[in-house]
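Structure first, then comments.
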Amino acid sequence: MTQQVDFDHHSAACTADPVAYYQSFRERCPVGRTPAHGGFVYTTRYADVARIARDDDIFSSSRASTGEDRVAIVIPSGPGLEQYPIELDPPESTGYRDLINPLLTPDAVDRLRPMIARHATRVVDAFVEHGSADFVRDLTNPLPAAVTLDWLGFPEEDWARLAGPIHDIFAAPADSERARRGAEGLVHMERRIRELVRLRRAEPAADATSVLAARRRPDGTLFGEDELVSVIGLLIAGGVDTTTSLTGSVLVHLSRHPEQRQRLIDSPDLLDTATEEFLRAFAPSQSMARTARTDTEIGGCPVRAGERVLIPWVAANHDPAVFPDPAEIRLDRDATRHLSFGIGTHRCAGAHLARAMFREMITQVLTRLPDFRVLEDGLVPYPTRGNQSGWDAIPAVFSPGPRLGAESAPGTQPAFTQPVSFDAVVTRAEPVAEGVLALTLARADGGELPAWAPGAHLEFRLPSGRIRQYSLCGDPRERDRYRVAVLREENGRGGSAELHEIAREGVTVGVRGPRNHFPLVPADDYLFLAGGIGVTPILAMVRAAAREGSALRVVYGGRSRASMAFRDELVKEAGGRAELVPQDELGLPDLEAVLASAGPGTAIYCCGPAGMIAAVERVCERLGVGARLHVERFTAGDDLEAVSDPADNTAFDVHLARTGKTVHVRPDQRLIEAVREAAPGLSYDCEKGYCGACETRVLAGTPEHRDSLLTAEERAAGRTMMICVGRSSSPRLVLDL
């Protein structure tokens with residue numbers, strides 16, 4: 001019998017600091033049994049949380065498994081409308097996921113961005129002239145409410161009354177008058193959903209409820225009114241307060257860390273990566289629960305059939321086994337493995353919409369209220385962070401700004417611009433140094449390439465499923481071509497080797513971008529430090545600075561002259577102000593002397609190996625010029641990524657059982673790219689093989705697994721696969737799509 005532990009995720013200690021609370025249990029008793037709230041088994045480790053959330057056969061989400069008609073997916077359970085599909089298990093939940101998913105695909109959300117931007121502009125206009133606001137009352141609550149309810153088709157007079165109860169339930173102490181008002185509000189919400197469903201069945205409109213009300217099951221029958229009330233109620237709850245929670249937490253963090261706020265202002269493209277790190281650090285949904293169907297064990301702890309099990313996303317997101325130094329918030333961390341959207345069959349269907357609303361709100365704040373300051377004394381947190389984390393009040397002050405005006409609303413563009421995905425064809429591949437291959441790319445459709453600025457990089461989506469980023473080093477004025485350079489790393493994780501193998505004239509690769517996390521800021525003069533392949537973004541910067549007539553100096557080091565790509569081109573662009581420092585001839589650069597030469601207005605840019613950047617940071621700190629240092633690190637990315645050899649890629653056919661279509665997958669093509677057009681409602685997210693959003697049932701054939709999520713037993717069974725990175729070992733696959 002496992003000893004009971006004094007654990008309570010709703011305790012004052014956990015509410016004060018959930019990360020530290022879970023860490024203390026992870027270190028001394030990572031899985032245990034507690035008598036709190038009627039008794040349950042708690043977990044703290046990423047691996048255990050992910051396993052439970054994905055194992056629907058053993059760990060149920062349904063109310064039936066608890067024996068009570070109460071909310072089954074949180075501890076303690078409570079009254080409430082049954083929520084489809086998250087309180088159902090497969091296969092019962094599958095039809096409802098199929099109902100929702102087509103409305104929330106990346107393409108569907110992209111079509112909503114102008115509407116999101118329009119509402120964001122209107123909401124910020126309402127307070128921007130005042131110089132003060134309560135960010136919860138004035139921004140993070142009304143914006144998600146307006147977007148979600150407008151998307152669903154509710155008239156504007158409904159928005160505040162439908163969204164308010166959701167926030168009240170999360171923000172009010174249990175059994176308080178406010179909580180009771182919230183419960184009463186849910187009764188009104190249910191009535192209004194029924195009225196709208198009936199109206200849209202009689203008079204369809206261009207909104208999501210009309211689509212849901214008209215959608216039919218495979219047998220041709222409509223979904224029932226009660227079912228749609230449950231589904232739409234969940235969409236409202238998920239769309240409103242979760243995004244409110246995340247955005248509020250990030251605004252508080254950026255007020256406390258103005259250096260990170262300034263970095264996002266200087267490098268707006270960094271918000272794309274930072275969003276995942278913020279989701280990891282500030283998960284709105286802190287925990288959920290499952291019920292064991294049979295006797296089992298978790299991390300050595302026996303679990304009896306019928307026992308409740310807590311799966312805390314917040315603990316998993318701060319597990320150092322997956323996220324090194326988890327307490328540190330790194331804007332450029334690859335945090336896409338976080339579990340803030342869950343994992344498995346109940347992973348949040350609205351993840352893409354949540355990101356879109358969050359990014360628009362944050363960017364509106366950074367561009368229109370850049371000097372905002374949260375008033376710490378006025379902060380009001382949720383009374384408990386056991387299930388949901390957030391703020392009930394975030395008072396802030398800022399310099400008043402101008403309204404953008406209602407007249408601009410119809411044409412308003414999103415403040416956050418999504419990078420573009422497209423196919424690029426290699427028009428030239430040439431070695432430019434030992435182990436360095438320079439690639440010239442053009443759009444496969446012959447169109448003009450997206451504009452970019454020095455410091456930008458392009459994301460390559462390789463046939464193996466790997467995703468890699470390489471800096472653009474050509475001329476931004478040339479809109480018909482891009483140029484990148486790739487160092488082949490023999491002891492790397494395979495991305496550079498794969499690109500070296502496949503890159504030849506005429507080959508097509510999927511790319512996304514450009515993004516710029518390393519922008520060239522205006523300055524009196526520049527000091528550029530490049531090491532090895534780090535010369536690629538520096539080359540574009542030197543070219544731009546020289547063209548503007550700016551004062552500059554470049555120091556470029558490498559193992560040898562033969563290993564230093566673009567050395568002659570760099571010297572030419574710098575106009576004689578470049579110093580080459582081959583290590584085998586001259587040793588290492590004298591960083592102390594080089595950096596001491598920087599004037600009071602010099603912007604210092606550094607890109608190269610991690611050791612070089614660390615040394616530059618130390619010297620800059622010692623000299624008191626750290627604030628003027630800009631760096632870009634070449635990170636290894638996710639070291640849990642599955643490894644595969646692109647030479648093993650073969651062509652195969654995929655038959656989509658539900659649509660009746662068969663598509664051919666080329667050796668240089670990813671499976672998900674081949675099926676995406678044929679299956680427009682396809683659910684996917686990370687495209688790296690570990691979020692589980694694209695897990696698909698295999699009906700025939702032998703999948704080749706290249707993900708890092710499935711267990712050895714699941715791989716051997718071959719019943720499902722991650723189609724974002726997986727391929728086929730047989731000439732033909734049949735998928736349940």
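The values are calculated or read from the model by the stated rules, or taken from the named source; none is laboratory data. Predicted model only: the values in this text are computed from it and were never measured. Because the Cβ atoms are built from the backbone with ideal geometry, glycine has one as well, and the counts that use them run over all protein chains shown. Keep in mind that these areas ignore ligands, DNA and RNA; they rest on the heavy atoms of the full protein, side chains included. Shrake-Rupley method; radii C 1.70, N 1.55, O 1.52, S 1.80 Å.
Observations on the model:
- When the residues of segment 1-16 are filtered to those that are touching a helix residue (DSSP H, G or I) at 6+ places or on another chain (Cβ under 9 Å) and assigned to a loop (DSSP other than H, G, I, E, B), the one that is most open to solvent (accessible area, probe 1.4 Å) is ASP6.
- Filter result for the condition that a residue is within 13 Å of THR242 (Cβ to Cβ), crowded, with 20+ Cβ neighbours inside 10 Å, within 19 Å of the chain's Cα centre (by Cα) and basic (Lys, Arg), over ARG355, ARG337: ARG355
- GLU573 vs. criteria under 23 Å from HIS457 (Cβ atoms), in contact with a helix residue (DSSP H, G or I) (Cβ under 6 Å, 6 or more places away or on another chain) and open to solvent by 30 Å² or more (accessible area, probe 1.4 Å): yes
- Considering residues of segment 492-502 that are open to solvent by less than 20 Å² (accessible area, probe 1.4 Å) and closer than 19 Å to GLU673 by Cα only, the residue modelled with the lowest pLDDT: GLY495
- Yes/no for LEU375 being at pLDDT 95 or above and open to solvent by 30 Å² or more (accessible area, probe 1.4 Å): yes
- Candidates in segment 272-283 are the residues that are within 13 Å of THR243 (Cα to Cα) and open to solvent by less than 10 Å² (accessible area, probe 1.4 Å); of these, the one that is nearest to the chain's Cα centre (by Cα) is THR275.
- The residues of segment 219-240 that are over 22 Å from ARG63 (Cβ atoms) and either part of a loop (DSSP other than H, G, I, E, B) or modelled with pLDDT under 90 (or both), listed by number, are ASP219, GLY220, THR221, GLY239, VAL240.
- Complete set of residues in segment 718-737 that are farther than 10 Å from ALA700 by Cα, among the hydroxyl-bearing types (Ser, Thr, Tyr) and open to solvent by 10 Å² or more (accessible area, probe 1.4 Å): THR720, SER729
- Cβ-Cβ under 7 Å pairs, at least 6 apart or on other chains, segment 423-449 side closer than 20 Å to LEU487 by Cα and free of Cβ contacts under 8 Å to residues at least 12 places away in the same chain, far side assigned to a strand (DSSP E or B) and open to solvent by less than 20 Å² (accessible area, probe 1.4 Å): GLU430/ALA438
- When each of GLU277, GLU328 is tested for being under 27 Å from ALA133 (Cβ atoms) and out of contact with any Ser or Thr (no Cβ under 9 Å at 6 or more places or on another chain), the lone residue that passes is GLU277.
- The residue list ASP269, ASP241 contains one member that is closer than 16 Å to THR148 by Cβ, touching a His at 6+ places or on another chain (Cβ under 7 Å) and either of a type outside the set (A, V, I, L, M, F, W, C) or open to solvent by 20 Å² or more (accessible area, probe 1.4 Å) (or both), which is ASP241.
- Residue check for ARG347: within 29 Å of ARG697 (Cα to Cα), among the charged types (D, E, K, R) and in contact with a helix residue (DSSP H, G or I) (Cβ under 9 Å, 6 or more places away or on another chain): yes
- Enumeration of residues in segment 30-71 that are open to solvent by less than 40 Å² (accessible area, probe 1.4 Å), of a type in the set (A, V, I, L, M, F, W, C) and either assigned to a helix (DSSP H, G or I) or modelled with pLDDT under 95 (or both): ALA36, VAL49, ALA50, ILE52, ALA53, VAL71
- Unique residue being under 25 Å from the mean Cα position of the chain (by Cα) and either among the β-branched types (Val, Ile, Thr) or at pLDDT below 95 (or both) when the list is PRO476, PRO519: PRO519
- Hey, GLY532 open to solvent by 20 Å² or more (accessible area, probe 1.4 Å), more than 30 Å from ARG263 (Cα to Cα) and touching a strand residue (DSSP E or B) at 6+ places or on another chain (Cβ under 9 Å) or not: no
- Output for segment 247-265, where each listed residue is under 19 Å from PRO381 (Cα atoms), in contact with a Leu (Cβ under 8 Å, 6 or more places away or on another chain) and either open to solvent by 10 Å² or more (accessible area, probe 1.4 Å) or of a type in the set (Ser, Thr, Tyr) (or both): THR247
- Every pair of residues 6+ apart whose Cβ atoms lie under 6 Å, when the first sits in segment 331-343 and is among the small types (Gly, Ala, Ser) while the second is surrounded by 24 or more Cβ atoms within 10 Å (Cβ to Cβ) and part of a loop (DSSP other than H, G, I, E, B): SER340/ALA283
- The single condition among (1) farther than 26 Å from SER708 by Cα; (2) touching a residue at least 60 places away in the same chain (Cβ under 8 Å) that THR34 does not meet is (2).
- Candidates ALA438, ALA433, ALA456 - the one that is buried (at least 17 other Cβ atoms within 10 Å of the Cβ), farther than 21 Å from ARG515 by Cα and of a type outside the set (Asp, Glu): ALA433
- The set of residues in segment 564-596 that are of a type outside the set (A, V, I, L, M), under 15 Å from PHE528 (Cβ atoms) and at pLDDT 90 or above comprises PHE566, ARG567, GLU569, LYS572, GLU573, ARG577, GLU579, PRO589.
- Checked against the criteria, LEU310 counts as outside any loop (DSSP other than H, G, I, E, B) and either among the aromatic types (Phe, Trp, Tyr) or more than 15 Å from ALA283 (Cα to Cα) (or both).
- Matching entry among ILE329, ILE343 (being among the β-branched types (Val, Ile, Thr), touching a Gly at 6+ places or on another chain (Cβ under 6 Å) and either part of a loop (DSSP other than H, G, I, E, B) or surrounded by fewer than 21 Cβ atoms within 10 Å (Cβ to Cβ) (or both)): ILE343
- Verdict on ILE116 being open to solvent by less than 10 Å² (accessible area, probe 1.4 Å), in contact (Cβ under 8 Å) with a residue 12 or more places away in the chain and assigned to a loop (DSSP other than H, G, I, E, B): no
- Any hit, segment 81-97, residues being under 30 Å from THR696 (Cα atoms), open to solvent by less than 10 Å² (accessible area, probe 1.4 Å) and touching a Phe, Trp or Tyr at 6+ places or on another chain (Cβ under 7 Å): yes
- Top-ranked residue of segment 578-621 - restricted to ones that are of a type in the set (Gly, Ala, Ser), without any contact (Cβ under 8 Å) to a residue 60 or more places away in the chain and open to solvent by less than 50 Å² (accessible area, probe 1.4 Å), ranked as farthest from SER550 (Cα to Cα): GLY587
- Qualifying positions in segment 366-408 - aromatic (Phe, Trp, Tyr) and within 27 Å of the chain's Cα centre (by Cα): PHE372, TYR382, TRP391
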